[in-house]
Structures are given as C-alpha cells and as structure tokens.
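A.B. asks: Below: one structure in structure tokens.
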Amino acid sequence: MENLADLPATNSSSLHDLMEKVLISNHTPKEKIKLIDELRKNNPTTSDRWGYRWAIWMLGIAVLITIICIWCLAAKEHDISVGLISLGSSVA
C-alpha cells in the first residue's frame, strides 16, 4: 500500500481533490478507507467539530439570557438599557 506522501499532489490540492485521487486509484477498498481516514486526520478543520458546536451553543445561550433579562426588566417596568438590546442583537 502506498503512503500519503506517494500520492501525486500539488500545493493547490484541496482535501476533496486528494480524496478523489484516492477513490479513483487502484487500491483495495480497505486501503482506500485507511488513506481517506489519514487525510481526514491531517485536516484540522474537519477533525475539530466540537469547537464549532460549543461556539454555537454558547451564542444561543447568550441570546436566551439576553431575552430573559429583557423580559424580566420589562415585567418589573424598569428601563431596558440600549446596551442590553445591542448585546442580544449582536449575538444573534
């Protein structure tokens, strides 16, 4: 089985281009799976899915907290600051 270094690649090859080269090669299906897994491991944006999920969850929680604070202030007939509204709208 060839290594990833043996695959013909240029500097402008993207991950999908390299995966396509692996899929059209003459390797066995097990070798193709192993090579594609190695390509995925070497691409940091596809291996760090949880970072993006945590960021979205935190932004959603910030929006919910802002809405709850605005609702509580409005229920007690307090003035709602412009900063709180701008915080909620910038997070959303």
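A.B. asks: Output the qualifying pairs, or none if there are none: Cβ atoms under 6 angstrom, residues six or more apart or on different chains, first residue in region 17-30 and in contact (Cβ under 8 Å) with a residue 12 or more places away in the chain and under 21 Å from Asn43 (Cα atoms), second residue charged (D, E, K, R) and surrounded by 15 or more Cβ atoms within 10 Å (Cβ to Cβ).
C.D. replies: Final answer for the pair search is Val22/Lys32.
A.B. asks: Listed residues Lys30, Lys21; which is outside the structural domain of Gly83 (by TED's automatic domain parsing), assigned to a helix (DSSP H, G or I) and loosely packed, with under 12 Cβ neighbours inside 10 Å?
C.D. replies: Every option except Lys30 fails the conditions.
A.B. asks: Can you tell me which residues in region 47-81 are of a type outside the set (D, E, K, R), more than 30 Å from Ile36 (Cβ to Cβ) and at pLDDT below 90?
C.D. replies: Within region 47-81, His78, Ile80, Ser81 meet the criteria.
A.B. asks: Now for a separate question. Cβ contacts < 6 Å: first residue closer than 24 Å to Ser86 by Cα, restricted to region 41-69; second residue surrounded by 12 or more Cβ atoms within 10 Å (Cβ to Cβ) and modelled with pLDDT under 80, any location; separation 6+ or different chain. Result?
C.D. replies: none
The values are calculated or read from the model by the stated rules, or taken from the named source; none is laboratory data. Please read these numbers as outputs of a predicted model, since none were measured by experiment. Positions of Cβ are generated from backbone atoms using ideal geometry, with glycine treated the same way; all protein chains shown enter the neighbour counts.
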